[in-house]
Amino acid sequence: MSKPRIIAIDGPAASGKTTLARRLAQALGYAFFDTGVLYRAVTWAALQKGEDLQDEARMTLLARTLDVELRITETGETLVWLQGRDATQELYSPQVDAWVSVVAAHPGVRQALKDVQRRLALQGHIVVVGRDIGTVIVPEADMKIYLDASLEERARRRYEEARRKGHSVTLEQVLKDMARRDALDASRATAPLRPAEDAYVLQTNGLSADEVFEKVMQWMRKKFPNSNKTPAPSATS
Ligand code: CDP
């Protein structure tokens with residue numbers, strides 16, 4: 001084997017997973033699958049329908065029957081089509097942000113979304129990003145990375161990102177929301193956020209995107225020593 005078949009990246013919000021995943025996917029020519037969009041899609045649909053998001057049975061039914069289509073673009077974005085139209089942008093609204101971890105904590109919802117994630121991941125040559133990819137969705141992934149950073153640093157990153165997008169939020173607000181989401185993700189009974197035992201763990205405080213990418217590539221070259229070598233010419237040629 002010269003390259004990992006499946007790269008799993010887990011970690012809390014704004015720990016740098018998406019940036020790293022995009023760069024790895026580009027460097028290796030792999031697809032990139034951001035599993036968070038599925039939980040966001042269920043949350044979005046529940047809000048649209050005015051459903052009770054605390055009701056596990058209702059949310060599970062919605063997750064099972066959701067008319068969702070994922071399209072991975074050439075630039076590696078996961079576009080989400082819901083009810084026949086591209087709803088990707090709406091999945092990142094403050095309202096979805098506020099509720100998604102409540103919906104994602106329902107065991108029935110997680111179970112309903114497991115198969116589609118596994119099926120896509122097992123196609124291979126893919127970087128899969130989430131909270132429980134290395135622990136629950138594809139424990140057989142052959143390269144697992146867990147990114148982390150302090151709450152303050154992650155909130156600052158997310159705040160700057162929101163400001164760049166023109167959203168009017170305060171750093172204090174972002175920090176509070178993120179702390180609440182972290183607590184929900186880490187304390188839920190089913191598939192809580194934690195590194196897999198065989199994951200490479202990286203604290204990204206103060207590291208640039210380049211430095212994170214380089215560190216992971218170093219680990220990967222060590223684990224898959226042939227990953228950058230061109231094949232040797234055959235003896236008969
Ligand atoms: O980028 P950010 O962390 O803000 O959001 P995301 O990755 O889209 O995930 C949104 C939420 O979905 C997380 O806070 C989790 O509650 C949930 N999630 C999950 O439980 N399992 C996953 N594999 C992915 C997301």
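The values are calculated or read from the model by the stated rules, or taken from the named source; none is laboratory data. None of the values given here were measured: they were computed from a predicted structure. Backbone-built Cβ (ideal geometry, glycine too); neighbour counts: all protein chains shown. These area figures cover heavy atoms from the full protein model, side chains too; ligands, DNA and RNA do not enter into them. Shrake-Rupley method; radii C 1.70, N 1.55, O 1.52, S 1.80 Å.
Only a single criterion out of (1) β-branched (Val, Ile, Thr); (2) over 21 Å from Thr18 (Cβ atoms); (3) without any contact (Cβ under 8 Å) to a residue 60 or more places away in the chain is not satisfied by Thr190, namely (3).
When you scan the range 67-78, do you find a residue that is among the acidic types (Asp, Glu), within 14 Å of the ligand (Cβ to nearest atom) and within 11 Å of the chain's Cα centre (by Cα), even just one? Within the range 67-78, not a single residue is among the acidic types (Asp, Glu), within 14 Å of the ligand (Cβ to nearest atom) and within 11 Å of the chain's Cα centre (by Cα). In this structure, Ala191 does satisfy being of a type in the set (Gly, Ala, Ser), touching a helix residue (DSSP H, G or I) at 6+ places or on another chain (Cβ under 9 Å), open to solvent by less than 40 Å² (accessible area, probe 1.4 Å) and at positive phi.
Yes or no, residue by residue, for (1) touching a residue at least 40 places away in the same chain (Cβ under 8 Å); (2) over 21 Å from Ala98 (Cβ atoms); (3) open to solvent by 70 Å² or more (accessible area, probe 1.4 Å):
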site: Glu160; (1), (2), (3): no, no, yes
site: Lys165; (1), (2), (3): no, no, yes
site: Val169; (1), (2), (3): yes, no, no
site: Asp177; (1), (2), (3): yes, no, yes
site: Arg181; (1), (2), (3): yes, no, no
site: Asp185; (1), (2), (3): yes, no, no
site: Ala196; (1), (2), (3): yes, yes, no
site: Leu202; (1), (2), (3): yes, yes, no
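Taking the listed residues Val103, Val129, Val116, Val109, the one that is open to solvent by 30 Å² or more (accessible area, probe 1.4 Å), closer than 15 Å to Thr35 by Cβ and either within 12 Å of the ligand (Cβ to nearest atom) or among the aliphatic types (A, V, I, L, M) (or both) is Val116, with no other qualifying. Scanning the range 9-25 for residues that are hydroxyl-bearing (Ser, Thr, Tyr) and either open to solvent by less than 30 Å² (accessible area, probe 1.4 Å) or more than 8 Å from the ligand (Cβ to nearest atom) (or both) yields Ser15, Thr19.
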